[in-house]
Amino acid sequence: MGVIRNAPEASSKKKKSTTLLYLFELESRSYHSTSTLSSPKNGKLLPSFESENDEILSAISICNTIFTFTDPSESPSEQDLKRVKLNQLLSFTKSLKKALDDRILSRMMSMLSANLFRPLPPPSNTSVISDLPDELEELFFSPGPLWPHLQIVYDILQRLVINLDPKILREYIDHRFLLKLVSLFQSEDPRERDSLKNVYHRIYARFTFYRSSMRKSMNDVFLHYVFETEKHCGIGELLEIWGSIINGFTVPLKEEHKLFLMRVLIPLHKTKGMQVYHRQLAYCVSQFVQKEPAIGGVVVRGILKYWPITNCQKEILLIGELEELVENIDPDQFRKLALPLCTQITRCLNSCNSQVAERALYVWNNEQFVKMTSTAIEEVFPVIVQGMERNLKLHWSISVKQLTQNVKVMVEEMDPSLYYQCLQDINLCESEARRDESMRKERWEKIENAAAVKNQFLQQTQSICVSH
């Protein structure tokens, strides 16, 4: 005890040296034990890794429970727990920098399939909602209760597709998986369709070995919609995917892609719900024409073939699409397209619907359209002049008459002599029509007079026979 009290400095030095030696030995032991645990010869993972994997597997197990959100026996606390675990899995997939363990990946893909591939509810109010554009559809849409979970599930799948090697995921994302994904585009929830579009597009971009089959699956949906049911909620989203695909096509276009344009995209113009997806459809068609202007003539004739008769809103949309196509068509085809295109535009400006008539008249502000008309002016002027004069005489709308007068001045300046000649021809035809009408009336009057005389004679004969 006395030594300790009388030599404090010596004891502190000895204690300090012992402590440093002890720490060095402890560090050396921990290093050797760590290397032993993580050694490949040992065949075991670190305890921290094992606990992390167990935690992920536990979260996956909890997320395998499917909630309907309509069954009163379901526990809200369990639903919240599942959402927490899904967010945990999402943060885990976001931080992925290497391949996943096979046990985790297989169970995670099974969990995603169990949550995504479910029976969709029967369509509600399809006659009203399916014919509305996207901005109006949201007003009538009632959000589904499953979305808080489904949104995270789609995000997890997208992260896996982005972060993992497609060759590893190929075992789990196969043709059957992709067909089930395409079937989910029938969901009425626009938020789900938007997330599904992003996931499907990512798969198409990264899984190059599936591209041909994915295009075929989308084409089958289009053809089934056009020629059989005309009922599908996800046509717009599928066309958005196709828009980016077409944007990547090389020139000259392959025959397969031209057939897709003629057999799928052009017939999509004829459905009664075209206004829902027309923006995406017009973009796809314009991409084709921009890449190969020579096919513009075939596209214009195809659209004219499916021109609506009683749907004014479709007419307005198609007039705008034709005007955009004229900007990109090969000028060598102007002469061939001038007559059919001007004939249809003239019919539209004679429409009883003032919106259709005004939209058709505004086409004359397009320089390319005027240039196309001038290439075949002798052929199209009779049709145009007749339409203008008819509007000025017979149309009920004052604004349409004013616009027609403005267009007439512009058209007349293109070739005054030809316009005057067409006007004379129209007057001559009208006078001949009036003469034919008067002659027809005279003939009918003669027939009626002859019939009256014969009828009077028969009545007299019958009265004589009765008297006898």
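The values are calculated or read from the model by the stated rules, or taken from the named source; none is laboratory data. None of the values given here were measured: they were computed from a predicted structure. Positions of Cβ are backbone-derived with ideal geometry, glycine not excepted, and every protein chain shown enters the neighbour counts. We work out accessible area using only protein heavy atoms, side chains counted, and drop any ligands, DNA or RNA first. Shrake-Rupley method; radii C 1.70, N 1.55, O 1.52, S 1.80 Å.
Being under 32 Å from the mean Cα position of the chain (by Cα) and open to solvent by 30 Å² or more (accessible area, probe 1.4 Å) is the filter here; which residues of segment 84-106 pass it?
Within segment 84-106, Asn87, Ser91, Lys94 qualify.
Condition check: within 15 Å of the chain's Cα centre (by Cα), among the hydrophobic types (A, V, I, L, M, F, W, C), closer than 29 Å to Lys98 by Cβ and at pLDDT 95 or above. Does Leu196 satisfy that?
Considered against the rule, which asks whether it is within 15 Å of the chain's Cα centre (by Cα), among the hydrophobic types (A, V, I, L, M, F, W, C), closer than 29 Å to Lys98 by Cβ and at pLDDT 95 or above, Leu196 comes out as yes.
So Lys272 passes all but one of these: (1) part of a loop (DSSP other than H, G, I, E, B); (2) open to solvent by less than 20 Å² (accessible area, probe 1.4 Å); (3) not aliphatic (A, V, I, L, M). Which condition number does it fail?
(2)
So which helices (runs of 4 or more DSSP H) stay within segment 344-434 end to end and still have 3 or more residues that are under 28 Å from Asn311 (Cβ atoms) and open to solvent by 40 Å² or more (accessible area, probe 1.4 Å)?
Where helices (runs of 4 or more DSSP H) fall fully within segment 344-434 and carry at least 3 residues being under 28 Å from Asn311 (Cβ atoms) and open to solvent by 40 Å² or more (accessible area, probe 1.4 Å), they are 354-362, 377-394, 398-414.
So in segment 45-57, with the set limited to residues that are open to solvent by 60 Å² or more (accessible area, probe 1.4 Å) and either outside any helix (DSSP H, G or I) or at pLDDT 75 or above (or both), which one is nearest to Lys85 (Cα to Cα)?
Filtering first and then ranking leaves Glu55.
Only one residue in Leu341, Leu317 is touching a residue at least 40 places away in the same chain (Cβ under 8 Å), closer than 28 Å to Ser374 by Cβ and open to solvent by 50 Å² or more (accessible area, probe 1.4 Å). Which one?
Every option except Leu317 fails the conditions.
Among the residues that make up segment 232-240, is at least one of them in contact (Cβ under 8 Å) with a residue 12 or more places away in the chain and either of a type in the set (Lys, Arg) or open to solvent by 80 Å² or more (accessible area, probe 1.4 Å) (or both)?
no
Does any residue of segment 366-388 turn out to be in contact with a Leu (Cβ under 9 Å, 6 or more places away or on another chain), at pLDDT below 95 and of a type in the set (D, E, K, R)?
yes
For Val251, which of the numbered conditions (1) among the aliphatic types (A, V, I, L, M); (2) open to solvent by 20 Å² or more (accessible area, probe 1.4 Å); (3) closer than 30 Å to Asn163 by Cα fails to hold?
(3) is the only condition that Val251 fails.
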